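Here's the structure we're looking at; comments come further down.
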């Protein structure tokens with residue numbers, strides 16, 4: 001994808017067909033860099049690059065968050081309450 | 001939609017089955033292989049506390065990002081672990097424990113969302129075919145990839161929070177939690193193709209949100 005195609009040359013029908021396949025292509029982990037449509041379509045190149053950026057950012061930026069320390073005490077207390085209720 | 005695919009929505013999510021206890025075949029880890037889990041199943045409080053410590057971050061994060069506020073996320077996390085405590089003795093190891101626990105948590109979250117009417121609507125909308133992203137060329141935006149190098153955590157968190165609930169759920173499970181499509185299909189009781197399709201639409205919607213000018217985001 002080193003070439004920079006002219007967006008004006010993009011054929012909407014080809015783009016639509018390519019994009020219709022994208023969920024399956026991306027979901028299957030296929031290497032799209034040599035896909036014939038991408039070589040000549042700056043619009044779809046940009047789309048794919050942005051989607052890859054989003055997926056990568058999600059993996060790197062949205063780390064698990066630590067819950068508040070007191071939450072376990074609340075859960076423990078609720079568990080004991082349930083146990084007492086069911087024992088009665 | 002092919003005849004073999006399930007409907008492209010999540011109506012069944014209103015009553016997602018209780019975590020499968022015997023029907024799942026893939027990736028199972030027998031409880032006996034994990035002594036902590038085995039002890040927790042036998043009623044050992046210390047072992048249950050250890051399970052909480054192992055899983056609390058992923059469970060709380062999923063709840064927090066799904067509902068968007070910490071108080072509600074704490075309530076949901078508590079409910080998930082209470083349910084886990086009630087049901088843990090029935091876990092037989094037919095699936096990975098973490099998958100089982102996540103499925104239970106997703107059930108808890110979806111039940112809560114369905115109690116709150118507005119989110120319920122967006123969940124169904126997000127899972128129905130024929131949405132605005134389905135049109136050819138709808139997702140072009142522009143010829144330049146503009147997101148690379150510009151995304152920070154807060155921007156992405158806000159954009160994810162703006163997603164319709166159904167999209168947000170799929171996106172969080174796959175791109176953040178690292179679930180495979182077959183696992184999500186099991187979790188959400190939908191087809192693998194549906195999971196791929198919804199994830200793609202979620203990313204397209206995120207792209208739209210992230211490409212919006214800041215001035216437009218400031219509008220009420």
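Values in this text are rule-based calculations from the coordinates and carry no lab data. Everything numeric in this text was worked out from a predicted model, so none of it was measured. Backbone-built Cβ (ideal geometry, glycine too); neighbour counts: all protein chains shown.
Rounded to 0.05, the FRET efficiency of the residue A:49 and residue B:54 pair, given R0 = 25 Å and the Cβ-Cβ distance, is 0.10.
Here segment B:81-119 and segment B:47-68 have alpha carbon centers that stand 11 Å from each other. Summarising the label geometry, the points placed 7 Å from Cα in the beta-carbon direction at residue A:77 and residue A:20 lie 5.9 nm from one another.
Against chain A, whose longest principal axis comes from its Cα atoms, helix A:42-61 is set at around 20 degrees.
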